[in-house]
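Worksheet: one structure, shown below.
The values are calculated or read from the model by the stated rules, or taken from the named source; none is laboratory data. Just so we're clear, the structure is a prediction, and the values are computed from it rather than from any experiment. In this analysis, Cβ positions are derived from the backbone assuming ideal geometry, glycine residues included, and neighbour counts consider all displayed protein chains.
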Ligand code: PBG
């Protein structure tokens, strides 16, 4: 055998046993890297399974508090709230979005009362409250940017007032980060952080999420006039740079697995905390294959999370968060 430096170099020497593999492992992840997205519904002491996301349910406020307590027990640093909004509360102008007592704000307050140590992240986008299912206000079939930003700022201030630690603008309107940052500063919320959904693609992988928040049947058209074209990479870098300049503290790439190349490029270019969102469709695929016995679900879950860290992400939003945390706790 004369190829390369063999036998001086045998890569198998560092693979002989688990302890050896752990010793040379370049990437690791811990419970500190997890943000757990949960869905909310109205009512008391109840939950409704989301059919397209086995293992995930919409939780009433009291159940969401229990979830937050569990997260804290498991060491998960942050929980992220997505409300299912009854159709009767959805309007053209999305007024429910900045109602101080809407489901999301009530839940934030309840969690902050019960588990003050946990980080609560909220979603800033109009889609749960919009009769059109869009993230911005629709006028004559157009998603109007600047009027939407005004509404999003109102929504952000209501979430900050309820006690949210991190605001997650997922709407992709232009100028929203700067407008929100300015409004937060002048209202005295200088410590409220913004994790911008900066590089958010117009993706087919959001399907189960739209079921979960009750937006599926309502969406008129698609979100391609504001979410990114899957063919673009340079634009992601420009969006991240823009959002950081406007006052984002952390940035996100979304979806996750199909966009690991974007994560890698962003992490090499910027020093800001970077998150990937392993979205509902990614979760559903792993779960469905596992439930059919086609893949080992636990291993696929862990491998997928490792991939985000390897690509340079600091953390991951994942519906697997509690399951992973339990596994990690067991060692
Ligand atoms: C909308 C929003 C979406 C997700 C988070 N916020 C869906 C969309 O843009 O239509 C998707 C998350 C997931 O699929 O898990 N503001």
Inset, instruction - Restricting attention to the stretch 272-282, report how many residues are away from the ligand (no atom under 13 Å from the Cβ) and buried (at least 18 other Cβ atoms within 10 Å of the Cβ). - result: 2
Legend entry - Selection status of residue 135, within 14 Å of the ligand (Cβ to nearest atom) and not in a strand (DSSP E or B): yes
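Would you tally the residues in the stretch 178-211 being in contact with a strand residue (DSSP E or B) (Cβ under 7 Å, 6 or more places away or on another chain) and under 29 Å from residue 264 (Cβ atoms)?
Total satisfying the criteria: 12.
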Inset, instruction - Could you please give the count of residues in the stretch 224-240 that are assigned to a loop (DSSP other than H, G, I, E, B) and touching a strand residue (DSSP E or B) at 6+ places or on another chain (Cβ under 8 Å)? - result: 5
Inset, instruction - Could you tell me which residue of the stretch 198-209 is farthest from the ligand (Cβ to nearest atom), considering only residues that are in a helix (DSSP H, G or I) and surrounded by fewer than 19 Cβ atoms within 10 Å (Cβ to Cβ)? - result: 204
Inset, instruction - Please go through the stretch 138-167 and pick out each residue that is on the phi < 0 side of the Ramachandran plot, assigned to a loop (DSSP other than H, G, I, E, B) and touching a residue at least 24 places away in the same chain (Cβ under 8 Å). - result: 164, 165
Legend entry - Count - residues of the stretch 116-132 that are surrounded by fewer than 23 Cβ atoms within 10 Å (Cβ to Cβ) and away from the ligand (no atom under 14 Å from the Cβ): 5
Inset, instruction - Give the residues of the stretch 96-109 that are under 21 Å from the mean Cα position of the chain (by Cα) and part of a helix (DSSP H, G or I), sorted by residue number. - result: 97, 98, 103, 104, 105, 106, 107, 108, 109
Inset, instruction - Name every residue in the stretch 182-197 that is outside any strand (DSSP E or B) and buried (at least 21 other Cβ atoms within 10 Å of the Cβ), in order of residue number. - result: 184, 192
Legend entry - Per-region count, the stretch 67-95, residues in a helix (DSSP H, G or I) and over 20 Å from the mean Cα position of the chain (by Cα): 5
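Considering only the stretch 171-179, I want to know if a residue exists there that is surrounded by fewer than 21 Cβ atoms within 10 Å (Cβ to Cβ), touching a residue at least 60 places away in the same chain (Cβ under 8 Å), more than 13 Å from the ligand (Cβ to nearest atom) and not in a helix (DSSP H, G or I).
yes
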Inset, instruction - Count, please, the residues in the stretch 28-44 that happen to be surrounded by 10 or more Cβ atoms within 10 Å (Cβ to Cβ), at pLDDT 95 or above and not in a strand (DSSP E or B). - result: 7
Legend entry - Residue pairs meeting the criteria (Cβ under 7 Å; at least 6 apart or on separate chains; first within 21 Å of residue 183 (Cα to Cα), in the stretch 237-256; second more than 15 Å from the ligand (Cβ to nearest atom) and in a loop (DSSP other than H, G, I, E, B)): 240/270; 244/270; 244/272; 250/272; 250/273; 251/272
Legend entry - Verdict on residue 269 being without any contact (Cβ under 8 Å) to a residue 24 or more places away in the chain, away from the ligand (no atom under 16 Å from the Cβ) and under 29 Å from residue 310 (Cβ atoms): no
Inset, instruction - Could you give me the residue pairs with C-beta distances under 7 Å whose first residue belongs to the stretch 198-211 and is free of Cβ contacts under 8 Å to residues at least 60 places away in the same chain, whose second residue is in a helix (DSSP H, G or I) wherever it lies, and which are 6+ apart or on separate chains? - result: 198/239; 198/240; 198/243; 201/259
Inset, instruction - Select from the stretch 224-262 the residues that are within 12 Å of the ligand (Cβ to nearest atom) and closer than 19 Å to residue 136 by Cβ and write down the one among them that is surrounded by the most Cβ atoms within 10 Å (Cβ to Cβ). - result: 252
Legend entry - Residue match in the stretch 214-223 (condition: assigned to a strand (DSSP E or B) and within 12 Å of the ligand (Cβ to nearest atom)): no
